[in-house]
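Working notes for the structure below.
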Amino acid sequence: MNGQEIFVIGTSQSVASAAMREQIFVDLEELYQTLGDLLTCRGLLDEAVPLATCGRLELYCVAADPDRAVKVLVRMMERRTGVGRDALRDHVYALRGDQAVRHLFRVASGLDSVVHGEAQILGQVREAARDRRAVMTKGPILHRLFEMALATGKKVRTETEIGRGAASLAGAALRMVQREMPSLGTSTALVIGAGDTGALVARLLSKAGVGALIVANRTLAKAEAAGRCAGAEAIGLDELADGIARADLVVGAVTAEDYLVTADTLSGIEPKADGRARYFLDLAHPRNFDPALGDMDGIELFDLDHVFERVEAAKASRAAQVPKAEAIVVDQADGFRRWLTSRQGIHVLRAVRAHVLDVAQEEAERFSRGRTDEEREQIRRFARSMARTLLHQPTVALRDADPGSDSGRSILNAAPALFGVDVDESDDAKSR
């Protein structure tokens, strides 16, 4: 039996700038299509679930040979993105085993966010776990991992105050721009995108008392739904230029591979009559606004990198809650590790026990031929008792074998050969 190990490969705001993350970005639909091929490649990946947020793109996997799997994935990233291996090495991380588990639990708890305790990230982890496409790519291990990550995030928010008063990334970004703008109450804001982030921005702007609000989206009905609670006007993306012309603040929150707003988009739009600047806030990944807009007269451009820089100092206000939250993460990760350990050893343990008991039964039948019924029963009982006695120490060793350690893997890998058994993991396949 080859042991299975969890690993994660990805990039985030902690290791890569917005520009680099754009180069490494892979559309989720394309990524799921690629995973469909990789999961059918025997011996490469057993399970996989991607996690995409505005600041990160990660792929959580289960594989018998993580080293080989990571090398294959890095080569694919090179081909897909055109980014060289050295650059990827500097801006992509790969974590294995307990480190990968703790990393996801920290992400779900808001400990790896730009804003400590950010609540929005838990929803994004939930979306990744419940994505309809993930049904075909995840198995029992990643299902349990993501469910425990969600439970960990909830536990941290319930038992600590790390999330109390914690702004979302969108909220922090809006406050940053508000400090630059003359007055939000006399301004018109245009939000491009009606997904979770866009809808959140619309609600925050409405709550902050923006003068007028417009929500633009590819699907007009979705723009109407996102803007309804905020009292916003809804427009389609075909009316984007008109919306920008009316706006003092434009917020980008759409998932798109190409820039939605470039210098050409603004070429026919007159500067503000009162001479004030137009503010563009890019919360999308990849970015919605061409960075060259920042060099144009009358334009103030902010993207996620600016937000990250501004809110870094705010983490100190919740720093006192971090040790308690980290302790919860460690405890929850230990619980997952115990589950994984017992699960990965149970197939070997079942096979060994069944094999030894079968052999004992066969030998009892062989030696009891020609005996009385009472003697035959005594021989059977003795054989079963001897088998269970001999199985005690192997049972303890296999039950406690840690697949994350060299010694544990050695025990789990050697047991089938030593006892001459085939390990049937068909139960896993049925549970996927």
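Values computed for the structure shown
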{"item": "Only listed residue being β-branched (Val, Ile, Thr), in contact (Cβ under 8 Å) with a residue 12 or more places away in the chain and closer than 30 Å to Val101 by Cβ, chosen from Ile244, Ile235, Ile162, Ile214", "result": "Ile162"}
{"item": "Flag if Arg106 is surrounded by 15 or more Cβ atoms within 10 Å (Cβ to Cβ), of a type in the set (D, E, K, R) and assigned to a helix (DSSP H, G or I)", "result": "yes"}
{"item": "Selected residue [part of a strand (DSSP E or B), under 25 Å from Ala173 (Cα atoms) and modelled with pLDDT of 90 or more] from Leu95, Leu51, Leu59", "result": "Leu51"}
{"item": "Residue in the stretch 156-167 that is within 22 Å of Ala256 (Cα to Cα), surrounded by fewer than 16 Cβ atoms within 10 Å (Cβ to Cβ), at pLDDT below 90 and not aliphatic (A, V, I, L, M) present", "result": "no"}
{"item": "Any pair with Cβ under 7 angstrom, 6 or more apart, that starts in the stretch 337-361 at a residue that is among the β-branched types (Val, Ile, Thr) and ends at one that is not in a helix (DSSP H, G or I)", "result": "Thr341/Asp402; Thr341/Pro403; Val348/Met1; Val348/Val423; Val352/Val421"}
{"item": "Some residue of the stretch 187-204 being in contact (Cβ under 8 Å) with a residue 40 or more places away in the chain, in a loop (DSSP other than H, G, I, E, B) and of a type in the set (Ser, Thr, Tyr)", "result": "yes"}
{"item": "Test: residue in the stretch 149-162 that is under 20 Å from His285 (Cβ atoms) and in contact with a helix residue (DSSP H, G or I) (Cβ under 7 Å, 6 or more places away or on another chain)", "result": "no"}
{"item": "From the options Ala63, Ala16, Ala87, Ala48, residue that is buried (at least 21 other Cβ atoms within 10 Å of the Cβ), farther than 22 Å from Glu147 by Cα and not acidic (Asp, Glu)", "result": "Ala16"}
{"item": "Tally, over the stretch 371-403, of residues that are out of contact with any helix residue (DSSP H, G or I) (no Cβ under 8 Å at 6 or more places or on another chain), at pLDDT below 90 and not in a helix (DSSP H, G or I)", "result": "0"}
{"item": "Residue match in the stretch 339-355 (condition: farther than 30 Å from His103 by Cα, among the aliphatic types (A, V, I, L, M) and surrounded by fewer than 14 Cβ atoms within 10 Å (Cβ to Cβ))", "result": "yes"}
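The values are calculated or read from the model by the stated rules, or taken from the named source; none is laboratory data. Being a predicted model, the structure only gives us computed values, none of them experimental. All Cβ positions, even for glycine, are placed from backbone atoms using ideal geometry, and neighbour counts span all protein chains on display.
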